[in-house]
Amino acid sequence: MDLYDVIHRRRDVRAEFTGAPVPDDALDRVLRAAHAAPSVGNTQPWDFVLVRDPDTRHRFHQHVQTERDTFAATLDDAAAARFAQIKIDGVLESTLSVVVTYDAARGGPAVLGRHAIADAGLYSVCLAIQNLWLAATAEGLGVGWVSFYREPFLADLLDIPAGIRPVAWLCLGPVTHLEAVPDLVRHGWRTGRPLAAAVHTDHWPT
């Protein structure tokens, strides 16, 4: 696929996973693409934890459902009705998850380029996640970023050492298809902004 096709085809996948395994060669290419991301000070502050164990995925899924209920309780009736129709994860539907972490100490104490922007390392991890997502899309795979969890729970679940932050739980696997319209748009949760509304010249508009 053309790069621009991949960018616009990419979706946050929930219900479309087939449950088939990710081919080893495709997984290697996807992880190599993620690892090739730019990083502040060339620190490569990410790690990738591959989660296949069914018990671990079930325990995480139960936690996600608890957090879903917590969020739903904050909504008014109309928003709650819309939210009830939205699937928020594919943890059990996909056979593989990739947890991406951030090690702020890697390359320290003097990280070139991070002295003025403390979050530059975290931004680097997000670039690796984007690379992974686009590479997976090019491979015909789907990715779903699960954000309904508490970081301490996930760190404890995967024995992640203190000081290393779990940034993303990504469900990864073959899919039946990628939706033409993003889920949150299809379910009336929120539409996107046009590019013209996001582009400004020289200064913030007044």
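Summary table below
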| read-out | value |
| --- | --- |
| Set 148, 153: member being hydrophobic (A, V, I, L, M, F, W, C) and touching a His at 6+ places or on another chain (Cβ under 7 Å) | 153 |
| Test result for residue 121, farther than 16 Å from residue 56 by Cα and either open to solvent by less than 30 Å² (accessible area, probe 1.4 Å) or aromatic (Phe, Trp, Tyr) (or both) | yes |
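Residue-wise test of (1) under 14 Å from residue 154 (Cβ atoms); (2) of a type in the set (Asp, Glu).
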{"residue": "40", "(1), (2)": "no, no"}
{"residue": "43", "(1), (2)": "no, no"}
{"residue": "46", "(1), (2)": "no, no"}
{"residue": "55", "(1), (2)": "no, yes"}
{"residue": "61", "(1), (2)": "yes, no"}
{"residue": "68", "(1), (2)": "no, no"}
{"residue": "71", "(1), (2)": "no, no"}
{"residue": "74", "(1), (2)": "no, no"}
{"residue": "80", "(1), (2)": "no, no"}
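The values are calculated or read from the model by the stated rules, or taken from the named source; none is laboratory data. This one's a predicted model, so the numbers in the text were calculated from it and none came from an experiment. With ideal geometry, Cβ positions are generated from the backbone for all residues, glycine too; neighbour counts draw on all protein chains shown. Accessible surface is based on the protein model in full, side chains and every heavy atom, while ligands, DNA and RNA are left aside. Shrake-Rupley method; radii C 1.70, N 1.55, O 1.52, S 1.80 Å.
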